[in-house]
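S.K.: Mind looking over this structure? Questions follow.
The values are calculated or read from the model by the stated rules, or taken from the named source; none is laboratory data. On a predicted model such as this, the values are computed, not experimentally measured, just so you know. Cβ: placed from backbone, ideal geometry, glycine included. Neighbour counts: every protein chain shown. Side chains included, ligands, DNA and RNA excluded: accessible areas come from the protein's heavy atoms. Shrake-Rupley method; radii C 1.70, N 1.55, O 1.52, S 1.80 Å.
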Amino acid sequence: MVIYNIIPKPNKYVYGDSEYEISSKSEVLCSKEFVEAGNYLTDYLKTKPEENEGFIKIKKVEGMPSEAYTLKITNDGVFINAGDYAGAFYGAVTLKTILMQAKKQNGKAVLNTLVIEDKPDNAYRGAMLDCSRHFFEADTVKSLLDNMAFLKLNKFHWHLSDDQGFRIESKQFPELNEIGSKRASRHLKGFGMENDNAEDYHFYTQEEIKDIVAYAKQRNIEIIPEIDLPGHTMAILAAKPELSCTGEKAEVLTVNGISKAILCAGNEAVFEFLDKLFDEICPLFPSAQFHIGGDEAFRGYKLWDDCPKCSALKQKEGISSNKELQIWFMNRVCALLKKHGKTPVAWDDCMGDSLDSSIACQFWRPNAVASVRKQSLKRDVIISSTSYFYFDLKYSVISLKKAYKFNKVKVGLNKPGQRILGLECELWTEWIDSKASLEFSAFPRMNAFAEVAWTELKNRSFTDFYKRLAWHKTYMKIKDVNYSRVESGFIFPKGIVYHLGEDGSEFKKSAEIKNAEK
């Protein structure tokens, strides 16, 4: 009997004691809806089918839950059943993982018979990449999507606008790219980092975005874009200063941290601009969800206090606080997005009882858990706790084991009536400055996260996970994924908590271990 190293761990796995052989001569037969899932396997097997050389059959079965699949390796053939494309694709991913580990004999993969019945514990299993602070080329984004698909993650939250850069091509507002996508230094200053004074001018063309969205769809990954509003908008205001409360000229931020920049809530031109911008970019992203940020806007509240337009709006609408004004702003943006067929998502610090209940809450601040529990009874919630899932933090702060140990029960987000969509891990990139640094930050913690998101709590064990991870490290090594060899450590209370890209001590230590492995 062979036990295959599958991550995330299937929720039901029965081992057999026979064998079946698959090779490049084996047929892959698919229901018409599942052709792309079949292609995922044929691309690996490089199939040239011949009769009587074995087969893999991917079949649509009505009534199965979304994303669920069964995989049966029998003496007669290999069978994947699913009710939808997602389930068929995940069955194919599991089978590919098994094929790569199978004993090879006479040019064939010798598979042990088994039955796997599997479905995810969470419908939403996401990863966020910030491409504003440091821009990543399309090929790097696709590489991340490939690794996400292999781990059965299904949502890619794409942070495309912040103080440090606007990254979507806009033909309606070319100044967003000519000014907002350009900054005076690629590297950002702060927390031990310095500016390099090398001009950074990057954005994704609309054709690149369409290509990446299609690439993700083939891998059952939905891309959810984010334009952070009303704060985190220095790049937008550098291009459109008339949308601020002061109208003063601004520059795209070249330092780490958060600016006081904020869109003027009392200026109707702001909403006219957003309406036109949404009209242009919403069609690029088929997802029903659209992230509108909403975090840390309090840094710009003083500008609202001093703004005649915002003061007049408060008086007109009977608004007594800037938090209420922000909720009013977010509700206006929500209405605009609904017009364009989108449902908004926002970070937990803009939540309030008067916020439109269709706006999903993304929980990130550990001290906000009590209010998020309350919000979860009236709106959808995505869990991305800073304490467990912020992978820009050093491994000494969020170790591999800590990422694995997250438990919805312990934070009280598993109760009846709570609308918990699922989990998301975050890759903020103030300190992630290259593909190697990105992969170092993400892996192997994303492997742990994927199992936490997919596998039921009763079936999880860190010791068991760590044994299975050994094969996945070998796989990543072959694929030249720069996963971290550093998995934990100790940090002094006042130490820098970010790994600081390729200049970080943990990154350098990992590189030393990697070189020693060669």
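S.K.: Only four residue types carry charge here, +1 at the Cβ of Lys and Arg and -1 at the Cβ of Asp and Glu. Report the dipole size of segment 349-407 about the Cα centre in Debye, rounded to the nearest 20.
M.R.: 360 debye
S.K.: Same structure, new question: Using alpha carbons only, how many angstrom separate the centre of segment 218-281 from the centre of segment 465-481?
M.R.: Distance between centres, Cα-based: 40 Å.
S.K.: Using just the alpha carbons, could you tell me how many Å³ per residue the convex hull of segment 1-121 encloses? If you can, show how the numbers build up before the last one.
M.R.: Numbers: hull volume 11.5 nm³, N = 121.
Once divided by residue count, the hull of segment 1-121 is 95 Å³.
S.K.: Oh, and also: Using modelled amide H (1.01 Å from N, peptide plane; none on Pro or chain starts), what sits under 5 Å from the amide H of K394, excluding residues fewer than 5 places away?
M.R.: Y498, H499
S.K.: Using the Kirkwood radius over C-alpha pairs as Rh, can you work out the diffusion coefficient of the chain via Stokes-Einstein at 25 °C, viscosity 0.890 mPa s, in µm² per second?
M.R.: So the translational diffusion coefficient is about 101 µm²/s.
S.K.: Moving on. Whole Å is fine, so just give me how far the alpha carbon centre of segment 127-149 lies from that of segment 416-443.
M.R.: 11 Å
S.K.: Based on DSSP H runs of at least 4 residues, each adding -39500 (n - 2.57), what is the mean residue ellipticity at 222 nm of the chain after dividing by all its residues, to the nearest 500 deg cm²/dmol?
M.R.: On the way: 17 runs with 175 residues, N = 518.
Using -39500 (n - 2.57) per qualifying helix, the result is -10000 deg cm²/dmol.
S.K.: Further question on the same structure: With a cut-off of at most 14 other beta carbons within 10 Å, and DSSP calling the residue loop, which trypsin sites (Lys or Arg not before Pro) in segment 1-67 qualify? Please list them.
M.R.: Listed in order of number, the matching sites are K12, K46.
S.K.: Which of the lysines could be linked to K32 by a straight reach, that is with a Cα gap under 18 Å, when you skip same-chain ones fewer than 8 residues away?
M.R.: K57, K59, K60, K217
S.K.: Can you list the trypsin sites (Lys or Arg not before Pro) in segment 382-438 that are in a DSSP coil and have 11 or fewer other beta carbons within 10 angstrom?
M.R.: K410
S.K.: Still on this structure, I have one more. Per the 1.4 Å probe, what fraction of the accessible area of the chain, in percent, lies on carbon and sulfur atoms?
M.R.: In the chain, the share of accessible area belonging to carbon and sulfur is 50 percent.
S.K.: Taking a 22 Å limit on the Cα-Cα distance, which of the listed pairs K119/K402; K96/K394; K25/K72; K155/K394 fall beyond it?
M.R.: Distance filter (> 22 Å) returns K119/K402; K96/K394; K155/K394.
S.K.: Of N195, T429, G504, which is farthest on the positive side of the dipole of the chain, counting Cα position, with +1 on Lys and Arg Cβ, -1 on Asp and Glu Cβ, and the Cα centre as origin?
M.R.: About the Cα centre, the residue reaching furthest to the positive side is G504.
S.K.: How much of the DSSP bridge set in the chain is antiparallel, in percent, rounded to the nearest 5?
M.R.: Of those bridges, close to 40 percent are antiparallel.
S.K.: Let me ask another. If you place +1 on the Cβ of every Lys and Arg, -1 on the Cβ of every Asp and Glu, and leave all else neutral, what size is the dipole of segment 89-234 about its Cα centre, to the nearest 20 Debye?
M.R.: That gives a dipole near 960 debye.
S.K.: Using θ = phi - 60° and the Karplus relation 6.51 cos²θ - 1.76 cosθ + 1.60, list the HN-Hα couplings for segment 292-302 in order, rounded to whole Hz, with x at every Gly or Pro.
M.R.: Whole-Hz 3J(HN,Hα) from phi for segment 292-302: 10, x, x, 8, 6, 5, 4, 5, x, 4, 4.
S.K.: Residue by residue, what Karplus-based ³J(HN,Hα) values in Hz, rounded to whole numbers, does segment 437-454 have, using 6.51, -1.76 and 1.60 with θ = phi - 60° and x for Gly and Pro?
M.R.: With the stated coefficients, segment 437-454 comes to 5, 4, 5, 4, 5, 7, 10, x, 5, 5, 4, 5, 4, 4, 5, 4, 6, 9 Hz.
S.K.: Cα extents of segment 218-371 along the three principal axes, largest first, in whole Å?
M.R.: 49, 37, 33
S.K.: State the Cα centre-to-centre distance between segment 161-193 and segment 1-66 in whole Å.
M.R.: 45 Å
S.K.: Next question, about the same structure. What size of dipole, in debye to the nearest 20, comes out for segment 319-391 about its Cα centre when the only charges are +1 on Lys and Arg C-beta atoms and -1 on Asp and Glu C-beta atoms?
M.R.: Details: 10 positive and 6 negative charges, 36 e Å.
Roughly 180 debye for segment 319-391.
S.K.: Next question. With the other protein chains left in place, how much accessible area per residue, in square angstrom, belongs to segment 139-287 at a 1.4 angstrom probe?
M.R.: Value for segment 139-287: 36 Å² per residue.
S.K.: Once you list every other residue whose beta carbon is under 9 Å from the beta carbon of I382, what net charge do they have if Lys and Arg are +1 and Asp and Glu are -1?
M.R.: After counting each charged neighbour, the total is -1.
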